[in-house]
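Before any comments, here is the structure.
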Amino acid sequence: MDNLHEHSLGISEYWTREYLKRIFEFHFKRTPYWKRIAELLNPDLDELFQGSLVEVFEGLFNLGLTVEEDYLRSHWLDFVPVSYDGKIRFYQSSGTTRERAIGHWDARYVEVLHLYLRAALDSVYGLDGIYGNGHQMRVIAHGPYGWYQDEVSQLIWSYGGVLYFIGMETDGLKRVLREQGLEAVLKILDPLVRYTKRVMETDRINTVRTAPPLMSLFEPYSESIETAIVSGVGVNREFFKYLSNTFEGTLLIPLYGYYLFGDLVGIHRHGQFWYYPNYPTTIIFPLKQVDGEYRVVKRGERGRVGVIIARPEVLVVKFEDETALRVPPEGPFRWDGFGDPTRNLG
């Protein structure tokens with residue numbers, strides 16, 4: 001983990017494979033869930049971690065190591081290593097889509113995630129050239145308390161910025177938005193709406209970090225918003241077209257979030273949004289079944305999103321309930337990403 005402090009965007013495939021192997025070896029010996037799996041399957045890790053990273057990824061999924069989301073949500077303590085000596089904090093997911101899940105992070109991972117975000121945002125979007133030298137980042141961030149607050153705080157402070165973090169109750173909000181519309185959501189979030197308006201009318205806010213539906217709160221102040229960072233299933237071509245027309249001159253940055261690994265940085269390419277995981281702690285490839293086995297799709301093809309979250313404090317192999325395209329390395333990222341994620345599995 002310490003190596004990531006110097007090479008957050010310079011991770012090689014060989015180094016990633018070696019890192020993954022050590023993480024699996026550790027959890028197979030120390031973590032209740034993975035100890036049971038190792039005893040049941042008796043995998044040969046030396047053999048499994050031969051070949052390319054794609055081959056290793058396929059092998060891990062074909063070995064039957066995937067964790068069901070419902071089991072992960074109900075048995076989160078099974079994934080904590082015995083006698084782990086790091087600094088663990090348990091967090092809840094936002095709960096916008098379904099019942100909140102509980103997961104844990106080591107404090108060191110917040111540092112690793114911050115280094116990845118800072119390096120990617122500066123390289124792709126040049127934020128270090130916009131803020132500083134007398135021009136201060138002044139931010140409103142909306143979101144649930146937990147890892148998200150730590151992540152966004154560290155990021156804003158690293159630019160010398162100041163932050164208004166406005167916590168929000170997010171249980172079931174996506175269902176309300178889908179069934180009742182934005183006005184119903186804003187009624188539930190009335191304290192957030194009032195506080196946001198109060199701050200915007202008083203301070204010189206130039207940066208916002210929020211969910212797609214809540215960007216409407218900033219429309220009256222669009223001329224002052226220099227940077228808008230958004231994430232969520234509503235981030236698509238139509239939404240960004242609306243943002244570009246409404247917030248002329250605003251730098252728009254898409255992120256992809258999940259409660260066990262935080263945010264991933266996205267870029268806009270060929271009318272799509274491509275996201276790149278923070279290697280080596282998060283590995284993502286779209287998969288499809290061929291003759292009964294999982295195979296990573298070719299670049300440009302769509303498959304079901306497979307995720308490996310591999311850190312000293314937590315190991316999870318799982319499918320997400322969405323599909324995405326496999327996309328090639330782009331910009332500062334030396335590894336493949338995934339693009340145009342959608343929840344429609346049909």
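Compare the Cα positions of 309, 323, 140 along the charge dipole of the chain (+1 at Cβ of Lys, Arg; -1 at Cβ of Asp, Glu; about the Cα centre) and return the one farthest towards the positive end.
140
If the cut-off is a Cα-Cα distance under 29 Å, which lysines reach residue 197, setting aside same-chain residues fewer than 8 apart in sequence?
Within the straight-line cut-off, residue 197 pairs with 174, 187, 241.
Give me the angle, in degrees from 0 to 90, between the Cα long axis of helix 13-30 and the longest principal axis of the Cα atoms of the chain, rounded to the nearest 10.
In the chain, helix 13-30 runs at an angle near 70 degrees to the longest axis.
Would you kindly state how much longer the chain becomes between residue 36 and residue 169 on full extension, computed as 0.36 nm times their sequence separation minus their alpha carbon distance, in nm to one decimal?
Extra length available between residue 36 and residue 169 comes to 44.2 nm.
Pairs to check: 87/288; 35/298; 35/87; 298/318. Give those whose C-alpha atoms are more than 28 Å from each other in this structure.
The answer is 87/288; 35/298.
Placing +1 at every Lys and Arg Cβ and -1 at every Asp and Glu Cβ, with all other atoms neutral, what dipole size does segment 129-223 have around its Cα centre, in debye to the nearest 20? Can you show the working numbers first?
Working: 10 positive and 11 negative charges, 10 e Å.
The dipole magnitude comes to about 40 debye.
Over all pairs of distinct alpha carbons, what does the Kirkwood formula give as the hydrodynamic radius of segment 1-158, in Å?
Numbers: mean 1/r = 0.0542 Å⁻¹.
Averaging 1/r across every pair of different Cα atoms and inverting gives 18.4 Å.
Report the Rg/Rh value for the chain, based on alpha-carbon coordinates and the Kirkwood definition of Rh.
0.96
Counting each DSSP H run of 4 or more residues in the chain as -39500 (n - 2.57), what helix-only mean residue ellipticity at 222 nm follows after dividing by all residues, to the nearest 500 deg cm²/dmol?
Values: 12 runs with 121 residues, N = 346.
The helix contribution divided over the chain gives -10500 deg cm²/dmol.
Take the chain, mark every one of the GluC sites (Glu not before Pro) that falls in a DSSP loop and has at most 16 other Cβ within 10 Å, then report the longest stretch left between them, sites excluded.
Counting at most 16 other Cβ atoms within 10 Å as exposed, the longest clean stretch of the chain is 170-247.
Using alpha carbons only, how many degrees (0 to 90, rounded to 10) separate the axis of helix 107-125 from the longest principal axis of the chain?
Value to nearest ten degrees: 60.
With +1 assigned to the C-beta of every Lys and Arg and -1 to the C-beta of every Asp and Glu, and no other charges, what is the dipole magnitude of the chain about the Cα centre in debye, to the nearest 20?
With only Lys, Arg, Asp and Glu charged at Cβ, the dipole is about 420 debye.
Going by alpha carbons, how many degrees (0 to 90, nearest 10) lie between the helix axis of 190-202 and the longest principal axis of the chain?
Approximately 60 degrees, to the nearest ten.
Of all DSSP beta bridges in the chain, what percent run antiparallel (nearest 5)? Mind showing how you got there, number by number?
Numbers: 40 of 58 bridges.
Taking every DSSP beta bridge with both residues in the chain, the antiparallel ones total about 70 percent.
Is the C-alpha gyration tensor of segment 44-127 telling us rounded, prolate or oblate? Criteria: a/c under 1.5 is rounded; beyond that, a/b larger than b/c is prolate, otherwise oblate.
It comes out oblate by the Cα gyration axes.
Each value in this text was obtained by applying a stated rule to the coordinates, not by laboratory testing. Computed from a prediction, not measured in an experiment: that's the story for all the values here. Note that we place each Cβ from the backbone using ideal geometry, even for glycine, and neighbour counts take in every protein chain shown.
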